[in-house]
Every structure is written in structure tokens, then in C-alpha cells.
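J.: Dropping the structure in here first, questions after.
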Amino acid sequence: MSRALLPPAAERPQNPARRRAFFAATDLALVAAAAPSLPAVAQPAAPPPLRVVHGFADHLSINLWLQGTRADALEVDVRVGENTTAKPVTTVPVELNARTDFTETIAVAGLEPGERYNYTVRSTKTKSVLARGTFKTQVLWQWRTDPPTVRIATGSCAYLNDFKYDRPGKPYGGGEEIFDSIANLSPDLMLWLGDNIYTREADYTSREGINRRYRFYRSHPTLQKLWTATPHVAIWDDHDFGPDNSDFSYNGAGWSHEMFLRYWPMPYSPPADGLYGKILQGDVDIFMLDDRTWRYPEKWPDAAADKAMYGAKQMTWLKAALTFSKAPFKIVAGGSQFFNRVSTAECWAHYAAEQQDFLRFLEERKIPGVLFLSGDRHFSQHLRVQRTGLYPLNEITTSPLTSGLSRIADVERTNPESMPGSILSERNFALITVTGPRTQRALTIELRDGRGEKKWEWSTTAAELAEGTKA
Ligand SMILES: [Fe+2]
């Protein structure tokens, strides 16, 4: 979803000149509302010629993603601790070539659990150091100790202005200091919940256009600190996949799939035709869903039995993976909202057969610890679905990072399943913290504004999310 929810069409000016003025005024109001008194942000330095993104780290390895500006042969030296002159524990060669727009993902393996490392990236020709950074591997706590504290940052809808290709008028994006606010927290993981990039009309009609949009994001000065401050994982939503509210009828999906794999180092082995899988951070299982590859059009009749958002194969996998999981918290992450019954925007509620089948499954299997993360809506909220004899299902929607805000309809504010005081209408991200002994884990989700200041929080425990499941 983008630039929504504008007022109903009947309220909008029909004259083109008046429409332009209206959109400009609306966008101005959105931007002003999003950042009412933020100080001017100093213009960051230009991006480095070599960009590095930290991918997922497990116990013994990490993925590092690199993009240069020309064909090059590089070497990545990895050392224990902070000493940048110590003998490397491993050196990984990297070839950058034009075929992949000078990108490469490398797996740095043979590391030790729970260790901090530093790396330098050198040109083999000039020996000059092109990038430096530090990362840590996950602690091998299983069968040994209590799990570590886990801190996961998450957010959706990251619009970066690109005036040459944007809709004319006032900028839709802003507040990019939020990326540094996330970086300053040094979370264990950053989970991108979709609309991580916004492909424009000039982008999604070609493979090259989608690549160009990804390159724009990767080289944007405001993101450089975040890319190497924490490991990054991502799911996608419509604007990563294709046009606004796109579905499986978009016939550029092969391009967007290829570019997602090119630009996001994958933390799991994806199926050939989609982008879903599970990762483990500490003792938190995160189920990362693909809400676009198999998605029927939103306007398909809601009552149609075949209308699906995730598709039968993915749903079977999700049910099996949740059944298999022993994690105290099982976070299911999707781009679209799962349980908003009153939304007129995209929502799983409009795919009733698939949604209800999944809810029946959760009830019948009495799976503990399940909670949901979503984005896309250009406001944030906490939804709670009550169930008979079982703990309620909780969904946290966090949006937007840097795009504009939606006008929130009255029916959304009075939705009995929207927790009172949870609607947040400003640019924000969420910080999830899981703490405590192995058998008494507790989870807190905070919504934080562009400065990183807490605006809302909700806490629960593994015990609460197990109520009714042991009967
Ligand atoms: Fe979206």
C-alpha cells in the first residue's frame, strides 16, 4: 500500500490542477505530521565506493553482501576481536563483475559461536582497504545456559525520495534519521517487514529498473550506518514485488524475485518459486512469509474458496514449521495485516477461506507462543483476537519507517480488536526484546519514533502465550 489512505474519491478535487494542489497540500500535511519538530539533519557524507551489508549470522558463520562500482577482485580478511592487524582467521576472495551489477554475497564460515570479529575488505590489485566493520556470531546456548537476551528491530515502508522518478508534488519520504536511530541501538537483527524499497512506474517494467531501485537504496547515504550496524533479514511486500497492491498477475515477478535474492543475503534456503522460510535468533523462531508470489487479486470475490494470499504449499509449510517449533515465541512475519477485520486496505481478512483455515489449525493444534508482525499500513497498531479457551492472538503492525502517513478511518480507531492507545500515527520502528531464564521468557515490543524515543510498549510472557494449550 502507498499514499493511502487518501480521503474517499468523492471528497477529492476532480479538476487536474486542483487535484495537484490537493495532493501537494495533503502530502505537506502528512510530512508535517510525521516530523512536527525534528531539527534539520546534517547531510551525511557521500556513500563509499564499496557498499557492505551484514546478513544473518548463525553460530559459525555470517553472510556479507558487497556492491562495488566496477569489476574488481577483493579479499575479505576476518579477525577475532577488535585488533585490525592480527593474523586473519580466514580470508575470503570476492569477484565483482558486471553480470550482477558488481554485487556478491559471501558466506564467512569457520567462525566460533558467541565471538566478535572485525573484517577489512581489500582490493587485491591496489591493496587499499575499501571497507571495515565488526560483527558477532550467535551464542551456542542450547544445552548449556539460559538463552541470551534477544533484541530485534523491525519496520516497514521505507520510502526514499528520488525526485526524477517520483510523483510530482511534495516529497512522500522523510525522517531518514530513523535509520541511524535503529543503528544506534545495535540490535541483534533488523527484520524488514516489506515495502523495504518502493519500485516506481519507471522501475517495475524491467529487470534493470528493479535492479536500479535496489542499487539506489543500497547506496543512499542515510542507510550506510545501518547496513553494517546489525545483521539484516527481509520479507517483501507489494512495492518490493511490483506495482502498488500487486498480486500474482504481475508478470515481472521473476525479475523482482531475482533482484531480491541479489540484494538480500538469504538467511534460509528458499524454495525455487517463493521467498518463505524460518530463522532462529537466540531462542526466537521467526517465520518469514511471502504474501505476493501466490496472492490472488484483492478484488477477487472474498467468498471464493480459491482466493489465497499465501497459497496452499506455503500454508502447509507454515503449519508444519509451527508444529515443529519448540521456541517459546514464534513470530509470524507478513507484509499485509493478518487480522484487521475492518480494514478497507489490503488484509488477510479479505482472504477468508485461507485465514479461517489457519485460525482453525491454531485452535485445534493448540500451538503456544504464536504472535504476528505486519507492516504496510502507514500507521502502527496492536490488534488482539480473542479465542475461546486459548490465549488471544496478538498482531503488532509497525509502519512507516520513512514514507508518508495514512489518514486513519474512524472505523479503524473504534475497532474493538485494536488495543486502546496502540494506534501510532508517526514514523516509527519496533524494538522487540526477549529476556529471562529459559523456562520463564518474557517479550516486550516497543514502538519508537524517528529519534528512537519510546512511544508505546506491550509486554507478555511465554507462559501467557501458552494459556489453554496444555489442556
Ligand atoms: Fe505494502
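J.: Report, by residue number, each residue of the stretch 171-191 that is within 16 Å of the ligand (Cβ to nearest atom) and crowded, with 24+ Cβ neighbours inside 10 Å.
T.: L191
J.: In addition: Only one residue in D285, D247, D237, D306 is among the charged types (D, E, K, R), closer than 19 Å to D376 by Cα and without any contact (Cβ under 8 Å) to a residue 60 or more places away in the chain. Which one?
T.: After ruling out the rest, the residue left standing is D247.
J.: Further question: Considering every residue within the stretch 326-341, establish whether at least one is touching a residue at least 60 places away in the same chain (Cβ under 8 Å), surrounded by fewer than 19 Cβ atoms within 10 Å (Cβ to Cβ) and assigned to a loop (DSSP other than H, G, I, E, B).
T.: yes
J.: Only one residue in P270, P231 is surrounded by fewer than 19 Cβ atoms within 10 Å (Cβ to Cβ) and in the same structural domain as E177 (by TED's automatic domain parsing), so which one is that?
T.: Details: P231 fails: surrounded by fewer than 19 Cβ atoms within 10 Å (Cβ to Cβ).
Criteria check complete, one pass: P270.
J.: Could we say that L371 is among the aliphatic types (A, V, I, L, M) and in contact with a helix residue (DSSP H, G or I) (Cβ under 9 Å, 6 or more places away or on another chain) here?
T.: On the way: among the aliphatic types (A, V, I, L, M): yes; in contact with a helix residue (DSSP H, G or I) (Cβ under 9 Å, 6 or more places away or on another chain): yes.
Against the criterion (among the aliphatic types (A, V, I, L, M) and in contact with a helix residue (DSSP H, G or I) (Cβ under 9 Å, 6 or more places away or on another chain)), L371 qualifies.
J.: Can you pull out every residue in the stretch 356-366 that is open to solvent by 10 Å² or more (accessible area, probe 1.4 Å) and touching a residue at least 40 places away in the same chain (Cβ under 8 Å)?
T.: Keep residues of the stretch 356-366 that are open to solvent by 10 Å² or more (accessible area, probe 1.4 Å), which gives 356-357, 359-361, 363-366.
Residues satisfying the conditions are D357, F361, R365, K366.
J.: Related question: If a residue must be at pLDDT 95 or above, away from the ligand (no atom under 16 Å from the Cβ) and in a loop (DSSP other than H, G, I, E, B), how many such residues does the stretch 125-162 contain?
T.: 15
J.: What residue, of L280, L261, L275, is open to solvent by less than 30 Å² (accessible area, probe 1.4 Å) and under 16 Å from the mean Cα position of the chain (by Cα)? Even if it seems obvious, please write down each step before you answer.
T.: Numbers: L280 fails: open to solvent by less than 30 Å² (accessible area, probe 1.4 Å); L261 fails: open to solvent by less than 30 Å² (accessible area, probe 1.4 Å).
The unique qualifying residue is L275.
J.: Something else: Tell me which residues, restricted to the stretch 404-442, are touching a Ser or Thr at 6+ places or on another chain (Cβ under 9 Å) and exposed (fewer than 13 other Cβ atoms within 10 Å of the Cβ).
T.: If the condition is that a residue be touching a Ser or Thr at 6+ places or on another chain (Cβ under 9 Å) and exposed (fewer than 13 other Cβ atoms within 10 Å of the Cβ), then V411, Q440 are the ones that fit.
The values are calculated or read from the model by the stated rules, or taken from the named source; none is laboratory data. Nothing here was measured: the structure is a model prediction, and the numbers come from that model. No Cβ is skipped: glycine too gets one built from the backbone with ideal geometry, and neighbour counts run over all protein chains shown. Just the protein is used for accessible areas: all its heavy atoms, side chains included, with ligands, DNA and RNA removed. Shrake-Rupley method; radii C 1.70, N 1.55, O 1.52, S 1.80 Å.
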